[in-house]
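The values are calculated or read from the model by the stated rules, or taken from the named source; none is laboratory data. What you see is a predicted model, and the numbers here were worked out from it, not measured in a lab. We work out accessible area using only protein heavy atoms, side chains counted, and drop any ligands, DNA or RNA first. Shrake-Rupley method; radii C 1.70, N 1.55, O 1.52, S 1.80 Å.
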Amino acid sequence: GTGFYNTGSNTIGYSANGTQKWAINSAGTLNLKDNTSVTFGDGDDFLLYHDGTTNYIKSDNGNIAFRVANGNRLEINGTSGDVIMQGTGGKNFTWDNSTAYLNLNDNARLTLGTSNDFFMYHNGSNTIFDQDGTGNLFFQVGGANKFYTQSGGAQFVGSLYGDDSNKI
């Protein structure tokens, strides 16, 4: 049947057409069963649910934004699929779904390595690649070193050209 019931173990439940949809236990924990959603909005257009395997946060219209104090957020555009990660001081990261680009605002760094010892960023005027750890910075073509930097300077492998035809 459909309706509220008491399981006899200090739990109140609700079932629809003989299928349990949710229960509240003696600690006050609300348990929604698989494929039962919580909806928000006049048109039930924002949903939270679990299908037994995957957890879903779904918006049938508009964007989804996760906000933290002072406006820092992660926002997913429901129309374009763009993703914006907003940091402090305008250091934003945007995944532009239409171009498949990851855009970083000025002074937002892309770091690599367990110790974040290699990073690159644009400061509004210049583009900086910084190797701030152990080892050298290599540029390769086809797996072969063509240019690399080390603590004492730079090393070129092969010929260096000032333009397409003038060897330096």
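General observations
- Computed extension length for residue 144-residue 10: 41.3 nm, one decimal, from 0.36 nm per residue of separation with the Cα-Cα distance subtracted.
- The stretch 14-110 shape via C-alpha gyration tensor axes, a/c threshold 1.5: prolate
- Ligands, DNA and RNA left out, the accessible area of the stretch 82-168 computed with a 1.4 Å probe is 48% carbon and sulfur.
- With 0.36 nm allotted per residue and the present C-alpha distance subtracted, the residue 137-residue 36 stretch has 31.1 nm of extension available.
- Once the Cα-Cα distance is subtracted from the 0.36 nm per residue extended length, the residue 24 to residue 83 segment shows a gain of 17.6 nm.
- A convex hull fitted to the Cα coordinates of the chain yields 251 cubic angstrom per residue.
- Entry comment: accessible area of the chain is 71 Å² per residue, from protein heavy atoms only and a probe of 1.4 Å.
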